[in-house]
Amino acid sequence: MKLPPSMVILERGWLSSNNVLFTGKQRAAIVDTGYCSHQQQTLSLVQHVLKDRPLDAIYNTHLHSDHCGGNHILEQHYPALRTHVPAAEFARVNNWSRMKPTFSATGQHCEEFRAHAAVHPDDLIELGDMEWKALYAPGHHPYSYILFNEQHGILISADALWEKGFGVVFPALDGYGGFKEVRATLDMIDDLAPAIVIPGHGRPFTDVKAALREAYSRIAYLEEDPKRNAQHGIKVLLKFLLMERQRIKLTEVPELLSKVPLVTAANRNYMNYGTIHLAHWVITQLRRAGAAVVDNEFLVDSEPNR
Ligand SMILES: [Zn+2]
């Protein structure tokens, strides 16, 4: 896969999103910054690529904690840098007490950062001396955008399209829909016909047709019974907590889950299990999928390097 020399992909695990670093003549910029517990690593990776040059800009495709958790440390380290967030989130970021609940809804954390500029739909953005168009791509997150460079046919797809599937349709957990939006976003990507996709998680890929086929079949499967998205969402949210903590006492899982508002909403809206039953169900699911193992009285992340 040949990428322009002014862009470097920092492929991360699943706890932190991938970061795309651009070294243009005018400025250095990064798209997405990973999760807060990996922030030191994010800073080291950026410093390793940029050497003595400062980072001038952050662009967050969407404000999920695994995409903006490195903003804080980067803003501290590069005081002149400007952070660009989706326009719909701009005011909320700069009034952190309103932003905070959006992270705690998933049981995740994010250290406070500032937003200096808003990214509007169809904005043209210079990154790495190339022109990128910000295309609004709701579904996984109502205010996410993706970035497309027509000249090279490169799409930075965030969590709208992965090599296998896409991110949880979070709005649906709360009962706000989202499936139609996912489908419309996939249609938009299909129309763009990118040659290379750099997803928010996982390796970059070129067989975009195959990825789209898989994504369309997945959205059809979820739409047929939205409970499937809720169940998947609950599994993903516990897996995230497990990736962050590495091991969780089995007896603490019910209480932990009951403190995650999106888990309780998804359960209430689609499953209605009791607290213990829900914990037992999701632990069994993660073990079956090979995503976790039980070691004595602990649930342990089976893929610690992911
Ligand atoms: Zn996301």
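Some observations on this one:
- Near pairs, Cβ below 6 angstrom, 6+ apart or cross-chain, from segment 102-130 (aliphatic (A, V, I, L, M)) to any residue that is assigned to a loop (DSSP other than H, G, I, E, B): Ala115/Asn94
- Residue within segment 151-166 that is of a type outside the set (S, T, N, Q), modelled with pLDDT under 95 and either more than 16 Å from the ligand (Cβ to nearest atom) or in contact with a helix residue (DSSP H, G or I) (Cβ under 8 Å, 6 or more places away or on another chain) (or both) present: no
- The number of residues in segment 59-107 being within 16 Å of the ligand (Cβ to nearest atom), buried (at least 21 other Cβ atoms within 10 Å of the Cβ) and not in a helix (DSSP H, G or I) comes to 11.
- Qualifying residue in segment 212-235 (condition: within 14 Å of the chain's Cα centre (by Cα), outside the structural domain of Trp281 (by TED's automatic domain parsing), more than 21 Å from Ala265 (Cα to Cα) and of a type outside the set (Asp, Glu)): no
- Filtering Leu241, Leu222, Leu299 for residues that are in contact with a Leu (Cβ under 9 Å, 6 or more places away or on another chain), assigned to a helix (DSSP H, G or I) and of a type in the set (A, V, I, L, M, F, W, C) leaves a single hit, Leu241.
- Test: residue in segment 172-182 that is within 26 Å of Glu11 (Cα to Cα) and not acidic (Asp, Glu): yes
- Neighbours by Cβ (under 9 Å, 6+ apart or cross-chain): first from segment 56-73, closer than 14 Å to His140 by Cα and touching a residue at least 60 places away in the same chain (Cβ under 8 Å); second within 9 Å of the ligand (Cβ to nearest atom) and part of a helix (DSSP H, G or I): Thr61/His67; His64/Phe170
- Yes/no for Gly34 being modelled with pLDDT of 95 or more, surrounded by fewer than 21 Cβ atoms within 10 Å (Cβ to Cβ) and touching a Gly at 6+ places or on another chain (Cβ under 8 Å): no
- Leading residue by the ranking (surrounded by the most Cβ atoms within 10 Å (Cβ to Cβ)) among those in segment 182-217 that are in a loop (DSSP other than H, G, I, E, B) and hydrophobic (A, V, I, L, M, F, W, C): Ala195
The values are calculated or read from the model by the stated rules, or taken from the named source; none is laboratory data. Remember, predicted model here, so these are calculated numbers, not experimental data. Don't worry about glycine lacking a Cβ; one is built from the backbone with ideal geometry, like all the others, and counts go over all protein chains shown.
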